[in-house]
Every structure is written in C-alpha cells, then in structure tokens.
1. Among the candidates Asp112, Asp104, which residue alone is farther than 27 Å from Val156 by Cα and of a type in the set (Asp, Glu)?
2. For the range 157-190, how many residues are farther than 22 Å from Lys128 by Cβ and of a type in the set (A, V, I, L, M, F, W, C)?
3. Among strands (runs of 3 or more DSSP E) lying entirely in the range 85-190, which contain 1 or more residues that are at pLDDT below 90, of a type in the set (S, T, N, Q) and out of contact with any helix residue (DSSP H, G or I) (no Cβ under 8 Å at 6 or more places or on another chain)?
4. What is the residue count in the range 101-126 for residues that are more than 20 Å from Gly61 (Cα to Cα), hydrophobic (A, V, I, L, M, F, W, C) and surrounded by 13 or more Cβ atoms within 10 Å (Cβ to Cβ)?
5. Consider only pairs whose beta carbons are under 8 Å apart and that are at least six residues apart or on different chains; among these, list those whose first residue lies in the range 162-177 and is free of Cβ contacts under 8 Å to residues at least 24 places away in the same chain and whose second residue is of a type in the set (S, T, N, Q).
6. Kindly indicate which of Ser157, Ser137, Ser162, Ser122 is closer than 25 Å to Tyr42 by Cβ and assigned by TED's automatic domain parsing to the domain that holds Glu51.
7. What's the number of the only condition in (1) out of contact with any strand residue (DSSP E or B) (no Cβ under 7 Å at 6 or more places or on another chain); (2) buried (at least 16 other Cβ atoms within 10 Å of the Cβ) that Ala85 fails to meet?
8. Could you tell me which of the residues Thr64, Thr109, Thr90 is polar (S, T, N, Q) and without any contact (Cβ under 8 Å) to a residue 12 or more places away in the chain?
Amino acid sequence: MSLFKKLYNFFFPLLLVWLSFSTVAGCGYHFKRTGDPSTVQYRSLAIPLIESTSSTLGFEGEFTRIIRKEFAGHIKLPLVSREDASAILTGKIYEIKTEALSYDLMQETVEDKIITYEVTNSRRLIIKLDARLVDGSSGEVIWEDRDMEEKATFVVSADPMSTRYYRRQALKEMARRLAKRLYLKTIERF
C-alpha cells in the first residue's frame, strides 16, 4: 500500500470527526461539561436537615448527609445555608412503616402440648417522603413531590442489636436511593 493511501486512511476519518464537531458547534449547539447545570439559574443550593417522624436517633442527620453527599458528588453548585441559598431542597419523612416479610414456624412442647408459633426472620421497611425545591428569594416552589416512597428489606435476628444494625443499613440504602431520585428531579430543572 502506498504512503499516500496510508496517510489518507489515517487522516480522513479524523477530518470527518473534526468537521462533524465543527458543524455541531457552529449550529449553536454546545457540549456541556459533566456536572455543570445546563441553564444555570441558581448560584447555590441549601439542603436543610430532613425532618422525620422516626424515633431512630440520629436518622435525620445521617439521611441528610447522604443526600448532601449525592449532590456534592455530581453538581458544581455550592451547598450553603438556607439564608444564603438561591434554591432550597427540603424534605419531610411523614411515614416509616415496618412489615413482617417472612416467618419461620417454631414448635415447643409446654406441659405435654405442642405449641406452634411464628418467628419473623425478615421485615420490609417503607419510607414515604414529601420533598420540594423552592426558589430562595421568591419562595416559589420549583418542583414538589408529596409521595416519594422507597422500600428495603432487612434480616431479623435473635440478637436485638444485630436486628437494629440491619435495620439501620436498610435505612441508609433507602436514603441513597432517595438521594439519587432527589438529585435527578432537581438537576433536570437547572
């Protein structure tokens, strides 16, 4: 193969790619960097402590931290206090419910009678959240979802401390999933 043909085969595809990008850029389209808002209307974002009806100590702080981490990892808007924010993301967990998911049947003999009873070995945890994004200066609601729901299962152990640990891990997993959903709902507005 001649040198000219080799150069042609190498540079012609590059020339086509360059022309394609030039054409797209010349038509008014542009590529956005990852993590940058598409039409920046807000300079900063506040995510105050998520309110909750939960009796689990520290849950609200951990839940809020997970949500803030999701935003901080993807978007280049600074997270600031409510007073300094141009947009405020608020949330309130209004229902936390636990349902038995699976059982084991146990039998014991008591005074020559066989007693059969159920022992729960896994539960489903359900969280319902009301969330909204509000303009910091006008108070106008940008988006609102009053019925976000997430579910997770956890193991029930004979050791109450283990069960508590598994439940907390389920709560963290639900917080991560809800954080992703909140991020996507918020970033599509920018």
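1. Asp112
2. 4
3. Numbers: elements: 87-110, 113-135, 141-155.
Ranges flagged: 87-110, 113-135.
4. Of the range 101-126, the ones more than 20 Å from Gly61 (Cα to Cα) are 101-124.
Next, from what is left, pick out any that are hydrophobic (A, V, I, L, M, F, W, C): 101, 105-106, 110, 114-115, 119.
Those left that are additionally surrounded by 13 or more Cβ atoms within 10 Å (Cβ to Cβ): 101.
Here the count works out to 1.
5. Taking only residues 6 or more apart or on different chains, the pairs are Thr163/Ser157; Tyr166/Ser157.
6. Answer to the check: Ser137.
7. Failing condition for Ala85: (1).
8. Thr109
The values are calculated or read from the model by the stated rules, or taken from the named source; none is laboratory data. What you see is a predicted model, and the numbers here were worked out from it, not measured in a lab. We place every Cβ from the backbone using ideal geometry, glycine too, and count neighbours over all the protein chains shown.
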